[in-house]
Amino acid sequence: MRTLKKSLAKRMKDPEFKAEYEALEPEFEIIQAIIDARKKSGLTQKQLSEKTGIAQGDISKIEKGDANPSLKTLKRLASGMNARLRLEFIPT
């Protein structure tokens, strides 16, 4: 993990890389929030799939960042984890 952090810190010195990374930050945060909420609720991807009707493969794609879930899908995931979805806009 230290190698990854060092590598990221080094790459962040490149203004173009840093701009692209920061542009993707909201997506990273959403993905991490989904993973954290699923784990906190004690569910596997398969169990969450069974509760929501969303294919386990689709949940996996969302958690890997290979899919962009709709608001409807995010609501279904939240409901399956006995959670409430909250989106907010934060001034920059």
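The values are calculated or read from the model by the stated rules, or taken from the named source; none is laboratory data. Note that the structure is a prediction, hence the values are computed from the model and not measured. Glycine also receives a Cβ, built like all others from the backbone with ideal geometry; neighbour counts cover every protein chain displayed. Ligands, DNA and RNA are excluded from the accessible area calculation, which covers all protein heavy atoms including side chains. Shrake-Rupley method; radii C 1.70, N 1.55, O 1.52, S 1.80 Å.
Going through region 62-92 one residue at a time, which ones are open to solvent by 100 Å² or more (accessible area, probe 1.4 Å) and assigned to a helix (DSSP H, G or I)?
Of region 62-92, the ones open to solvent by 100 Å² or more (accessible area, probe 1.4 Å) are 64, 66, 68, 72, 75, 82, 84, 86-92.
Once the filter is applied, which keeps residues that are open to solvent by 100 Å² or more (accessible area, probe 1.4 Å) and assigned to a helix (DSSP H, G or I), region 62-92 yields 64, 72, 75.
Restricting to region 33-74, name every residue that is hydroxyl-bearing (Ser, Thr, Tyr) and over 19 Å from residue 88 (Cβ atoms). Show your work before the answer.
Start the filter on region 33-74 by keeping residues that are hydroxyl-bearing (Ser, Thr, Tyr), which leaves 41, 44, 49, 52, 60, 70, 73.
41, 44, 49, 52, 60, listed by residue number.
Looking at region 25-41 only, could you name the residues that are in contact (Cβ under 8 Å) with a residue 12 or more places away in the chain, part of a helix (DSSP H, G or I) and open to solvent by less than 70 Å² (accessible area, probe 1.4 Å)?
Across region 25-41, the qualifying residues are 31, 34, 35, 37, 38.
For region 42-61, how many residues meet the condition of being among the hydroxyl-bearing types (Ser, Thr, Tyr) and not in a helix (DSSP H, G or I)? Let's see the steps before the verdict.
Here is the first cut: in region 42-61, the residues among the hydroxyl-bearing types (Ser, Thr, Tyr) are 44, 49, 52, 60.
Still in the running and not in a helix (DSSP H, G or I): 44.
Number of matching residues: 1.
Only residues that are open to solvent by 30 Å² or more (accessible area, probe 1.4 Å) and under 23 Å from residue 25 (Cα atoms): list them for region 46-59, please.
Restricting attention to region 46-59, the residues satisfying the condition of being open to solvent by 30 Å² or more (accessible area, probe 1.4 Å) are 46-47, 50-51, 53, 55-58.
Scanning region 46-59 gives a single hit, 58.
Would you check which residues across region 1-24 are part of a helix (DSSP H, G or I), of a type in the set (Asp, Glu) and open to solvent by less than 100 Å² (accessible area, probe 1.4 Å) and list them? Spell out how you get there, then give the answer.
Of all residues in region 1-24, those part of a helix (DSSP H, G or I) come to 2-11, 15-24.
So of that shortlist, the ones also of a type in the set (Asp, Glu) come out as 16, 20, 22.
Residue satisfying the conditions is 22 alone.
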